[in-house]
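Chemist: A single structure is presented below for examination.
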Amino acid sequence: MRMCLAASRSHATFHLSAAVLAALVLIGCQREDDTAERPPRPVRTIAVSFNPEDTYGSLVGEIRPRIETSFSFRQGGEIRERDVEVGDLVEVGAVLARLDAEDAQDAMRKAEANLFAAKAQSQNAETERARQQQLYPRTSTRQALEAAIAQASLAQAGVDAAQAGVRIAQTNLDNRVLKANAAGVVTAIGGEVGQVVGGGQMVVRVAQLGPRDAVFQVPEATIQTTGGDARVDVQLLSNPNIKATGTVREISPTADPITRNFTVRIGLDTAPDEFRFGSAVRGTIRIAGEPAARLPITALFNQGNQSSVWIVDAASKTTKLLPVEVHRFDTKDFLVTKGLSSGDNVVVAGVQQLRPGMAVRLLEGSAE
């Protein structure tokens, strides 16, 4: 009885194993058939193109005159008159201020008196010289003639010295009057009427109404990145439609001790009238970047911590996954600097369904 039961179980196990094996073979055949019959997956691609990815930097600065002169008296004294105020327009030769000139006038009168006396002495000496020449050698000696000639020369030297004294006194008198040497607008006042100022102390500052500069405080890194011949677009902060362009004219050799920024002056080609002194402006400069390929964000395939993209081999129409180096992510796309070559066909749709070596079919509008 036991032998029959064991034989029955063994027979049943054999039939069950055969059935499972047959099912597995059948499933494997079906999968092979499905794989063989699966059509190429449709994808859309774009061709990779590397272009310099420029960036733009902007800073806020102000308009300043290119030439601004601080006028001062050569000698100190008390200011008696000041004929201008901040904002006044001045012409060439216009009087800006005057110092007390009483001492200078007295010195002028003294110099003129000395010149008059010197001329009188010179005239007498010249008369005596002429007389001695007429008397020599009949009634005068050679010694007397030579003494008369020397006295005439000495008297003429006195005249020359007195004339120089008059010129110096006239210059000192003229220096008591401060005049503009160019047309412009008064931008600052450094002395009031009745104030005693020293020689060289600024009394009036005048900005010439000619070329203008846009002045910015620029970080050192920006200066090193951009060249000295870079073009700068400048627009009025209160009205961006008012624009001008210029180039770097001057870079301060030393940095500001607090901000560590450098003062950069941009020489404007043609400054509109709205670019008044002190107006706030925004300067924009283009900074050349390294070549990069811009791809839509839909082309990105993250494999762990590695950013990758799928490309399609042009000959076999199969896919290949390539790791790439992403330079920057934007809102709808990203920039690739390494990992791709110009002309590669990158898949931009359905990347999550792809596998390496998968056959694909390019949709209309894809890069060939």
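Chemist: Specify which residue in the list G283, G77, V186 is farthest towards the positive end of the charge dipole of the chain, using unit charges on the beta carbon of Lys, Arg (+1) and Asp, Glu (-1), about the Cα centre.
Modeler: Looking along the dipole axis, the top candidate is G283.
Chemist: Let me ask something additional. Counting only C-alpha contacts under 8 Å and six or more residues apart, can you give the relative contact order of the chain as a whole percent?
Modeler: The value is 26 percent.
Chemist: Return the tail of the calculated pair distribution for the chain, meaning the percent of Cα-Cα pairs more than 39 Å apart.
Modeler: 62
Chemist: Sticking with this structure for a sec: Roughly speaking, to the nearest percent, how much of the chain's 1.4 Å accessible area is carbon and sulfur?
Modeler: That share works out to 52 percent.
Chemist: To test your reading of the geometry: what angle, between 0 and 90 degrees and rounded to tens, separates the Cα axis of helix 102-135 from the longest principal axis of the chain?
Modeler: Rounded to the nearest ten degrees, it is 50.
Chemist: Moving on. Rank Q134, Q306, Q208 by mean-square fluctuation in a GNM of the chain with C-alpha springs under 10 angstrom and give only the top-ranked residue.
Modeler: Among Q134, Q306, Q208, the largest GNM mean-square fluctuation belongs to Q134.
Chemist: Can you work out ³J(HN,Hα) from phi for every residue in the stretch 325-340, in order, using Karplus 6.51 cos²θ - 1.76 cosθ + 1.60 and θ = phi - 60°, giving whole Hz and x for Gly and Pro?
Modeler: Residue by residue, the stretch 325-340 yields 9, 8, 7, 7, 9, 10, 5, 10, 8, 9, 10, 10, 9, 9, x, 10 Hz.
Chemist: Below 28 Å, Cα to Cα, which lysines can K179 reach? Residues fewer than 8 away in the same chain don't count.
Modeler: By straight Cα distance, K179 reaches K110.
Chemist: About its Cα centre, how strong a charge dipole does the stretch 216-368 have in debye, to the nearest 20, once Lys and Arg get +1 and Asp and Glu get -1 at the Cβ?
Modeler: In total the dipole reaches around 300 debye.
Chemist: Further, regarding this structure: For the chain, with the dipole built from +1 on Lys and Arg beta-carbon atoms and -1 on Asp and Glu ones, taken about the Cα centre, which of L145, S238, Q170 lies farthest toward the positive end?
Modeler: Of the candidates, S238 comes out farthest on the positive side.
Chemist: Considering the alpha-carbon set of the stretch 195-293 alone, what are its Rg and its Dmax in angstrom?
Modeler: Cα-based Rg and Dmax for the stretch 195-293 come out at 16.8, 69 Å.
Chemist: Another question about this same structure. Just need the relative contact order of the stretch 150-246 here, percent rounded to a whole number, with Cα pairs under 8 Å and 6+ apart.
Modeler: Values: 54 pairs, mean separation 15.5, N = 97.
Computed over the stretch 150-246, the figure is 16 percent.
Chemist: Now a separate question. Could you pull out every one of the aspartates and glutamates with an alpha carbon less than 14 Å from that of K317, ignoring same-chain neighbours closer than 8 positions?
Modeler: Filter leaves D344, E368.
Chemist: Using a cut-off of 10 Å between beta-carbons, work out the net charge of the residues near V206 (Lys and Arg +1, Asp and Glu -1, V206 not included). Don't skip to the end; give the middle numbers.
Modeler: Numbers: positive: R205; negative: E68, D88.
Local net charge: -1.
Chemist: Can I ask one more? Pulled fully out, how much extra length does the chain show between R80 and L363, if you take 0.36 nm times their separation in residues and subtract their Cα-Cα distance?
Modeler: Length gained, R80 through L363: 92.9 nm.
Chemist: Just to check I understand the Karplus step: with θ = phi - 60° and J = 6.51 cos²θ - 1.76 cosθ + 1.60, what whole-Hz values come out for the stretch 168-174, glycine and proline as x?
Modeler: So the Karplus estimates, Gly and Pro as x, are 5, 5, 5, 4, 4, 5, 5 Hz.
Chemist: Any idea what the relative contact order of the stretch 178-301 is, in percent, if you count C-alpha pairs under 8 Å spaced at least 6 apart?
Modeler: 24
Chemist: Taking each pair of distinct Cα atoms in the stretch 83-129 once, what is the resulting Kirkwood hydrodynamic radius in Å?
Modeler: 14.5
Chemist: Semi-axes, largest first, in whole Å: what does sqrt of 5 times each Cα gyration tensor eigenvalue give for the stretch 162-243?
Modeler: 43, 17, 14
Chemist: Keeping all protein chains in place, calculate the accessible area per residue for the stretch 161-259 (probe 1.4 angstrom), answer in Å². Let's see the in-between values first.
Modeler: Details: 5280 Å² over 99 residues.
That works out to 53 Å² for each residue.
Chemist: Counting only other residues whose beta carbon sits under 14 Å from that of P240, what net charge do I get with K and R as +1, D and E as -1?
Modeler: Working: positive: K243, R282; negative: D233, E274.
Here the count lands on 0.
Chemist: Here's a follow-up. Two decimals, Cα atoms only, Kirkwood Rh: what is Rg/Rh over the stretch 241-316? Show your work: numbers first, answer last.
Modeler: Values: Rg = 23.0 Å, Rh = 18.1 Å.
With Rg and the Kirkwood Rh in hand, the quotient comes to 1.27.
Chemist: Quick check: the angle from helix 2-37's long axis to the longest principal axis of the chain, C-alpha only, nearest 10 degrees?
Modeler: Result, in degrees: 40.
Chemist: Please work out the Cα center distance from the stretch 315-363 to the stretch 91-155, rounded to the nearest Å.
Modeler: What the calculation gives is 101 Å, centre to centre.
Chemist: How much net charge surrounds Q217 when only other residues with a Cβ under 15 Å from its Cβ are counted (Lys, Arg +1; Asp, Glu -1)?
Modeler: Surrounding charge for Q217 is -1.
Chemist: Calculate for the chain the 222 nm mean residue ellipticity that helices alone would give, adding -39,500 (n - 2.57) per DSSP H run of length 4 or more and normalising by residue count, nearest 500 deg cm²/dmol.
Modeler: Rounded to the nearest 500, the figure is -10500 deg cm²/dmol.
The values are calculated or read from the model by the stated rules, or taken from the named source; none is laboratory data. Since the structure is predicted, the reported quantities are computational estimates derived from the model, not experimental observations. Reconstructed Cβ throughout: ideal geometry from the backbone, glycine too, with neighbour counts over all protein chains shown. Only protein heavy atoms, including side chains, enter the accessible area calculation; ligands, DNA and RNA are left aside. Shrake-Rupley method; radii C 1.70, N 1.55, O 1.52, S 1.80 Å.
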